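K.L.:
Just dropping this structure here.
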Amino acid sequence: MSIYDVAKVAGVHSSTVSRAFSRPEAVKPETRERILRIAGEMGYRVNSLGQALRRGSSNLVPLIVPDITNPFYGELAKSVAAAAGLRGYQVVLCLTEGDADETYRFLDAMSAHLSPFAIVAPSTRIDAGVLERTALARRTVIIDRVPQGLQVPTVFIDNRLGVKLALDHLLELGHRRIAYLTGTVGTYSAEVRVEAYRALVADHGIEPVVIRGGYSLAATERGAAEFLAIDPRPTAVIASNDLAAFGFISRLAEHGVRVPEDVSVTGFDGVPIGDNFNPGITTVAQPFDELGALAVAVAERFADDGSIVHEVLVPTLLVRRSTRRLL
């Protein structure tokens, strides 16, 4: 079955059939609908690779993330896929498991598939020198960080503002002994957020208390143990991300420590599951829909004309049941 067979039955030129699939806006709606209907009835399928080779570009866009066990990346993938789909792209999810070398290998591989651009959400620092040697380097957008020495567009959350929202909320509730539960050691967002916490509590004359956390079972057990050993215990804890908060609260419950009765806890990211957690997590919410839409738009523009922009998104605070006023 070929494009010529479809054209013969539809009574049009083969180039019209080609445009109906590759540039539908260039074909009259009634003609396009007839072509698509006939193609479906005849079982015709577009040769995507052939189209990509002729155009010099495919519609496959890699989204490179460290993992999908953290619901943040699941929400990010969903928003990027939705935004890309509206622009005619298909997202290819690439998992690095935190291995920076995998990022570069994925970029090279997707370049061979003629990807128009790439979106990368790295968990570790990006090596500017290595990245610039990859074929997609000049069409790559970085999410959730500003890599030093690398001239590429970025889309990221204002992490300092997010930590400030959580801290101000707890201060308004009367808390003064406020600890910080770290995320996975070595990740960019974890480092930025803990440094923001240290600076912000210093502005209020509060002694910083940093508890080592994470979202593995061992990390959550360690975090709970460190918290329980503090005397006097903090009355509130800001967690580096929602997943760390979930694990921390669960481990505290095993030791009879109640949230928020005994300690208030806030998260960071605003993943939807936080509303169904017991108790519902007060959290700093990232605008996932806006994050995905901006990432695709910025990436497409960068690929088209080389425009380098840095989009900073504003987080919001979702107040739920994991925090309460200090009595």
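K.L.:
Please specify each residue of region 256-282 satisfying the condition of being in a helix (DSSP H, G or I) and open to solvent by 20 Å² or more (accessible area, probe 1.4 Å).
P.N.:
Pro272, Ile273, Asp275
K.L.:
Next question. Would you please list the contacts, defined by Cβ atoms under 7 Å and residues six or more apart or on different chains, that run from a residue in region 65-83 that is more than 15 Å from Asp242 (Cα to Cα) to a residue that is outside any helix (DSSP H, G or I) and acidic (Asp, Glu)?
P.N.:
The qualifying pairs are Pro66/Glu97; Asp67/Glu97.
K.L.:
Take region 283-325 and flag every residue that is farther than 23 Å from Val91 by Cβ, open to solvent by 80 Å² or more (accessible area, probe 1.4 Å) and more than 19 Å from the chain's Cα centre (by Cα).
P.N.:
Val319, Arg321, Arg324, Arg325, listed by residue number.
Yes or no, residue by residue, for (1) open to solvent by less than 20 Å² (accessible area, probe 1.4 Å); (2) modelled with pLDDT of 75 or more; (3) closer than 19 Å to Val92 by Cβ:
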{"position": "Ala118", "(1), (2), (3)": "yes, yes, yes"}
{"position": "Asp127", "(1), (2), (3)": "no, no, no"}
{"position": "Leu131", "(1), (2), (3)": "yes, no, yes"}
{"position": "Arg145", "(1), (2), (3)": "yes, no, no"}
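K.L.:
Count, please, the residues in region 235-255 that happen to be of a type outside the set (Ser, Thr, Tyr), under 25 Å from Leu318 (Cα atoms), open to solvent by 10 Å² or more (accessible area, probe 1.4 Å) and not in a helix (DSSP H, G or I).
P.N.:
Selection size over region 235-255: 1.
The values are calculated or read from the model by the stated rules, or taken from the named source; none is laboratory data. Everything quoted here is computed from the prediction, not taken from an experiment. For neighbour counting, all protein chains shown are included, and Cβ atoms are generated from backbone atoms with ideal geometry for every residue, glycine included. Each accessible area value is taken on the protein alone, full model and side chains, heavy atoms only, with ligands, DNA and RNA left out. Shrake-Rupley method; radii C 1.70, N 1.55, O 1.52, S 1.80 Å.
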